[in-house]
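Peer 1: Can you keep this structure in mind? I'll have questions shortly.
The values are calculated or read from the model by the stated rules, or taken from the named source; none is laboratory data. Everything numeric in this text was worked out from a predicted model, so none of it was measured. All Cβ positions, glycine included, derive from the backbone under ideal geometry; neighbour counts span all protein chains shown. Areas reflect the complete protein model, heavy atoms only, side chains present, ligands, DNA and RNA absent. Shrake-Rupley method; radii C 1.70, N 1.55, O 1.52, S 1.80 Å.
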Amino acid sequence: MAAQSDFAIRIPENTLSVDESFNYSQRGQWLRAAVLGANDGLVSVASLMMGVGAVKHDVKAMILTGFAGLVAGACSMAIGEYVSVSSQLDIEVSQIKREKRMGANDEESVHEELPKPMQAAAASALAFMFGAIVPLLAASFIVDHKVRLSVVVAAVTVALVVFGWIGAFLGGTPVVKSCLRVLVGGWLAMAITFGLTRLIGSSGL
């Protein structure tokens, strides 16, 4: 009787979870624009308002300054992002044309990966406005000057932590590192703006 040989086919197990196997770089384009816009709107408008608050106690002056910063910043972010991504698109299209002449590219997959200037511009502008609204709302209904400044700092602090967490979650990066980075940066921007404006204002310029 012929000897029987037992054998088993081993099927490799996929040890990566859904989250681990997800390509987070696919989110890079719009995530970068959105996170940059939100943080810039939050920090720049809050810093402007803190700077004005360093020399003026009038709530109207702070709100008008913050609103002007919101509009100007959103427009600037949108235009800057559009120009930047358009330049990147031109470079990539030129490269694709060179590769196409050599027959070395997959046209369909390349088309899906091309940067989209309008998408990046819209994401950046909307995110900037969303971030800028936080300090505006925080200061709008408070009459006392010192309390108003404290509330703005507190609201911006919470928003910076939230934005840092969202960016880390969507990008699959360490949460604590992301939150600390945006938090310390935001505090420094507000402190420097407040201090320098206070110094210039006290000198009588």
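Peer 1: How high is the FRET efficiency from GLU113 to SER76, r the C-beta distance, R0 25 Å, rounded to 0.05?
Peer 2: 0.35
Peer 1: Another question, then. Before I look further, what does the stretch 114-154 give for accessible area per residue, probe 1.4 Å, in whole square angstrom? Let's see the in-between values first.
Peer 2: Numbers: 2030 Å² over 41 residues.
With the other protein chains kept in place, the stretch 114-154 gives 49 Å² per residue.
Peer 1: Same structure again: Extension gain LEU180-HIS57, at 0.36 nm per residue separation less the Cα-Cα distance, in nm?
Peer 2: So the extension gain works out to 41.2 nm.
Peer 1: Ranked highest first by average number of other Cβ atoms within 10 Å, how do 40-51, 147-158 line up? Intermediate results must be reported in sequence, preceding the final value.
Peer 2: Working: 40-51: 25.8, 147-158: 17.4.
For the peptides 40-51, 147-158, the packing ranking is 40-51, 147-158.
Peer 1: Return, ordered by residue number, the residues of the stretch 34-53 whose backbone nitrogen is under 17 Å from a label point located 7 Å along Cα→Cβ of LEU64.
Peer 2: 48-53
Peer 1: Using packing as a proxy for protection, rank 62-68, 124-130 so that the peptide with the highest average count of other Cβ atoms within 10 Å comes first.
Peer 2: 124-130, 62-68
Peer 1: With labels modelled as points extended 7 Å from the Cα through the Cβ direction, what inter-label distance (nm, one decimal) is found for ILE133 paired with HIS145?
Peer 2: 3.0
Peer 1: Also, I was wondering about something else. Putting +1 on Lys and Arg Cβ atoms and -1 on Asp and Glu Cβ atoms, find which of GLY80, PHE194, VAL134 reaches farthest to the positive end of the dipole of the stretch 78-205.
Peer 2: PHE194
Peer 1: Could you give each residue of the stretch 55-71 its phi-based ³J(HN,Hα) in whole Hz, using Karplus coefficients 6.51, -1.76, 1.60 with θ = phi - 60°, and x for Gly or Pro?
Peer 2: Listing the rounded values in order: 10, 10, 9, 6, 5, 4, 5, 5, 5, 5, 5, x, 5, 4, x, 4, 5 Hz.
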